[in-house]
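> Starting off with a structure, shown below.
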Amino acid sequence: MAPALLALLPLLLLALPPRAAGAVAQDGAAPITLVDEAAARGVTALLHCGDPVKRRYLLECIGCGCALFDKDGDGDLDLFLVDAGTIGPPPDLPEGADPLAVDWKPRKDGQCRLYENDGAGRFRDVTEASGAGIRVFGQGVTAADYDGDGDLDLYVTCWGPNRLLQNDGSGRFTDVTRGTGVGDPHWSVGAAFFDADGDDDLDLYVGNYLAMAIARDPDCWRKVDCPFLDVPAACGPKGMVPETDSFFRNKGDGDFRDMSEKAGIHDHEPRYALGVVAFDHDQDGDVDVYVGNDSRANSLWDNDGKGRFFDLGDLSGAAVNRDGVAQASMGVACGDLDGDGLFDLAVTNFSHDDNTVYRNEGGGNFADITARHPFGSKAYLSLGWGTEFVDFDGDGALDLFVANGHVYPEADVRAPELSWKQQNRVYQQVNGILRDVTDTAGSGLQRKASFRGAAFGDVDGDRDVDVVVMAMDEPPALLINQGDGRDALLLELRQPTGMNRFAIGARAVATVGGKRLARQVRAGGSFASMSDLRLHFGLGGAPRIDRLEVTWPDGTRQEFGDVAGGRTARLVKGGAIETVAAPSAPSASDAGGGR
């Protein structure tokens, strides 16, 4: 996973030109403040990923994602947390014994957790009653209405096989993997639902990492020496066998067929896939797929409109950085950073490397513009995971969030400039430049952990964007945005019929005071996580949107003038924009004392 590191690297770093230090927002930008309220709001689950030592298998180092989605259609965001359980020595290990010297067999006992939102951003654990508490070695999750019945289902990626959980509409789930054909047996991480072939149902792309069958060879770690800065560490991914990604086509009845080979996915060498996002990169009306690969060039799968893909990563400029070097990519952010109507990309990478920002220049071309943004040495030394372009301050311009955490606990003892536990970072866009405002962006960003997946959405109903961030072998962070979302428009797009009721792939462009704000409905992205399907438009204090143009997945367009902000609204295809009443929080007696 790590780029080749020389023994003298710390000395060489001191000789590098100084990077721009993080700066606070200026030029009148509103401050960004995020406060971690996970425990106070009831999110207390301790999530695991293998043995805390993290020295046997890379499987224990990758970590998990999460989902913010409305499980029961009540208008608020519920929370699904993926757990990987434990892989380590037996539970009866003698006190003081060296866990690395004990013979053992892998145990798969992680339990995913589901939390229900009370309407005001307080949560109670409903795992047992919901049926969503599957016990798997989980990795990631995405949510979509795969069967067209009007509710959101869950797809959980795992150290194979993956699981599909069907929602009955009330937030109760049934594992239907066996009969639907999507139980990918590989080690899968990122995944995305989207309509690949224009037939109105949702297909599924799954990013697969590497072949690791430790059940067949539980002592393989003893046979290979993989030092990180001269300290024994988990091996991989270099030198290990990458898995080919998978593409499953929806047959129209909620069942799927593996079309990976016919779709062209097998025409290219396999790579170590982690981050996956589906979006229309060239505005030709179909949905493409971008994959962040670990230690190999990233992939940009261009869709021909019929669900056949061609990797244009190298030709597009989005496969490698500005120096032509493949990076070790983890998470992927996608959004219109510069207001030109085209969706740009950001990719999080390993430590001692930059996170990379690609500007979409149109015509299928991307340019690495990382050097324009003074991310600073703290970003360079961090190891990034979950990420997204988010308008935290409500000014209409997208900011950038990056979750950080190393893969090797050994980083603490061998590299003084590194650490296993790291801070998440926020970069505020001011006059087109992303500036590090982490140090002034609230107490929630001062916590250090080895963070992984991140999901984004309005948790507490105040129309600004909050963040859930997973942490290795710790409870997650729930970062509540303290900003003022009173002027924002939070827009839900729905289709009244068909198999894509939540309009995944639809695009909306709001014009506010001469600025264009483009957003797209996506199921997947960040690192192994799922964010709110509703589209968030910060209006920068303006009371109204001058013009709103919506392009539905089939290409149908609707335009509206003089759209009021300051509300949560719903647009059903062919209808008018209607205000949605805020969900009401139950009384303490209604909540059943669950918190």
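> Please verify whether segment 16-39 includes one or more residues that are part of a loop (DSSP other than H, G, I, E, B), under 25 Å from the mean Cα position of the chain (by Cα) and modelled with pLDDT under 75. Break it down into steps so the answer makes sense when it comes.
To start, the set of residues in segment 16-39 that are part of a loop (DSSP other than H, G, I, E, B) comprises 16-33, 37-39.
So of that shortlist, the ones also under 25 Å from the mean Cα position of the chain (by Cα) come out as 22, 31-33, 37-39.
Cutting the leftovers down to modelled with pLDDT under 75 gives us 22.
Within segment 16-39 (the criterion being part of a loop (DSSP other than H, G, I, E, B), under 25 Å from the mean Cα position of the chain (by Cα) and modelled with pLDDT under 75), the answer is yes, since at least one residue qualifies.
> Which of the residues belonging to segment 481-518 are among the hydroxyl-bearing types (Ser, Thr, Tyr) and part of a loop (DSSP other than H, G, I, E, B)?
THR497
> Residues in segment 43-57: is at least one at pLDDT 95 or above and either open to solvent by 10 Å² or more (accessible area, probe 1.4 Å) or over 17 Å from the mean Cα position of the chain (by Cα) (or both)? First the steps, then the outcome.
Taking segment 43-57 as the starting set, the residues that turn out to be at pLDDT 95 or above are 43-44.
Restricting the remaining residues to those that are either open to solvent by 10 Å² or more (accessible area, probe 1.4 Å) or over 17 Å from the mean Cα position of the chain (by Cα) (or both) gives 43-44.
The answer is yes, given that some residue of segment 43-57 is at pLDDT 95 or above and either open to solvent by 10 Å² or more (accessible area, probe 1.4 Å) or over 17 Å from the mean Cα position of the chain (by Cα) (or both).
> Which condition breaks for PRO553 when tested against (1) within 21 Å of ARG501 (Cβ to Cβ); (2) within 23 Å of the chain's Cα centre (by Cα); (3) open to solvent by less than 30 Å² (accessible area, probe 1.4 Å)?
Failed condition: (3).
> From the list GLY96, GLY73, which residue is at pLDDT 95 or above, open to solvent by 10 Å² or more (accessible area, probe 1.4 Å) and not in a strand (DSSP E or B)?
Exactly one of GLY96, GLY73 is at pLDDT 95 or above, open to solvent by 10 Å² or more (accessible area, probe 1.4 Å) and not in a strand (DSSP E or B), namely GLY73.
> Identify the residue in segment 84-93 that is part of a loop (DSSP other than H, G, I, E, B) and open to solvent by less than 10 Å² (accessible area, probe 1.4 Å) and, among all such residues, is modelled with the highest pLDDT.
Residues of segment 84-93 that are part of a loop (DSSP other than H, G, I, E, B), as a first pass: 84, 86-93.
Filter once more, keeping what is open to solvent by less than 10 Å² (accessible area, probe 1.4 Å): 84, 87-88.
Details: ALA84: 92, ILE87: 66, GLY88: 55.
Here the answer is ALA84.
> Residues of segment 143-175 being of a type in the set (Ser, Thr, Tyr) and buried (at least 24 other Cβ atoms within 10 Å of the Cβ), which ones? Lay out the reasoning, then the answer.
Step one: list which residues in segment 143-175 are of a type in the set (Ser, Thr, Tyr), which gives 146, 155, 157, 170, 174.
Correct list: TYR146, TYR155, THR157.
> Look at segment 337-357 and say how many of its residues are in contact (Cβ under 8 Å) with a residue 60 or more places away in the chain and open to solvent by 10 Å² or more (accessible area, probe 1.4 Å).
7
> Which of the residues belonging to segment 545-570 are outside any strand (DSSP E or B) and in contact with a Gly (Cβ under 6 Å, 6 or more places away or on another chain)? Give the derivation first.
So in segment 545-570, the residues outside any strand (DSSP E or B) come out as 552-556, 565-566.
Selection gives PRO553, GLY555.
> Test SER531 against the criterion of being open to solvent by 20 Å² or more (accessible area, probe 1.4 Å) and within 15 Å of the chain's Cα centre (by Cα), and give yes or no. Explain how you work it out, then say what you get.
Details: open to solvent by 20 Å² or more (accessible area, probe 1.4 Å): yes; within 15 Å of the chain's Cα centre (by Cα): yes.
Yes.
> Mind counting the residues in segment 125-139 that are of a type in the set (Gly, Ala, Ser), buried (at least 20 other Cβ atoms within 10 Å of the Cβ) and either under 16 Å from TYR115 (Cα atoms) or in contact with a Phe, Trp or Tyr (Cβ under 7 Å, 6 or more places away or on another chain) (or both)? I'd like the intermediate steps shown before the answer.
Of the residues in segment 125-139, the ones of a type in the set (Gly, Ala, Ser) are 129-133, 138.
Next, from what is left, pick out any that are buried (at least 20 other Cβ atoms within 10 Å of the Cβ): 130, 132, 138.
With either under 16 Å from TYR115 (Cα atoms) or in contact with a Phe, Trp or Tyr (Cβ under 7 Å, 6 or more places away or on another chain) (or both) added as a condition, the list becomes 130, 132.
Residues meeting the conditions: 2.
> Now for a different question. Filter segment 133-145 down to the residues that are within 30 Å of GLY505 (Cα to Cα) and more than 20 Å from the chain's Cα centre (by Cα) and list them by number.
GLY133, ILE134
> Count, please, the residues in segment 519-544 that happen to be in a loop (DSSP other than H, G, I, E, B) and touching a strand residue (DSSP E or B) at 6+ places or on another chain (Cβ under 9 Å). Reasoning before the result, please.
Residues of segment 519-544 that are in a loop (DSSP other than H, G, I, E, B), as a first pass: 521-522, 524-525, 527-529, 531-534, 538-543.
With touching a strand residue (DSSP E or B) at 6+ places or on another chain (Cβ under 9 Å) added as a condition, the list becomes 521-522, 524-525, 527-529, 531-534, 538-540, 542-543.
Residues in segment 519-544 being in a loop (DSSP other than H, G, I, E, B) and touching a strand residue (DSSP E or B) at 6+ places or on another chain (Cβ under 9 Å): 16 in total.
> With the checklist (1) open to solvent by less than 30 Å² (accessible area, probe 1.4 Å); (2) part of a loop (DSSP other than H, G, I, E, B) in hand, flag the one item PHE456 doesn't pass.
Here PHE456 meets the rest and fails (2).
> Also, I was wondering about something else. Looking only at residues in segment 402-441 that are open to solvent by 30 Å² or more (accessible area, probe 1.4 Å) and part of a strand (DSSP E or B), which one is farthest from ASP338 (Cα to Cα)?
By that ranking, first place goes to GLN423.
> Would you mind finding the one in VAL277, VAL241 that is under 19 Å from the mean Cα position of the chain (by Cα) and among the aliphatic types (A, V, I, L, M)?
Values: VAL241 fails: under 19 Å from the mean Cα position of the chain (by Cα).
Only one candidate passes the filter, namely VAL277.
> If I filter segment 270-300 down to residues being assigned to a loop (DSSP other than H, G, I, E, B) and hydroxyl-bearing (Ser, Thr, Tyr), which single residue comes out as most open to solvent (accessible area, probe 1.4 Å)? It would help to see each step written out before you state the result.
In the first step, residues of segment 270-300 are kept if they are assigned to a loop (DSSP other than H, G, I, E, B); the result is 270-272, 280-287, 294-298.
Checking the rest, the ones that are also hydroxyl-bearing (Ser, Thr, Tyr) come to 272, 295.
Details: TYR272: 5, SER295: 23 Å².
The extreme case among them is SER295.
The values are calculated or read from the model by the stated rules, or taken from the named source; none is laboratory data. All of these numbers come straight from a predicted model, not from anything done at the bench. A quick note on method: Cβ atoms are made from the backbone with ideal geometry, for glycine too, and the neighbour counts reach across all protein chains shown. To get the accessible areas, we keep the full protein, side chains included, count just its heavy atoms, and leave off ligands, DNA and RNA. Shrake-Rupley method; radii C 1.70, N 1.55, O 1.52, S 1.80 Å.
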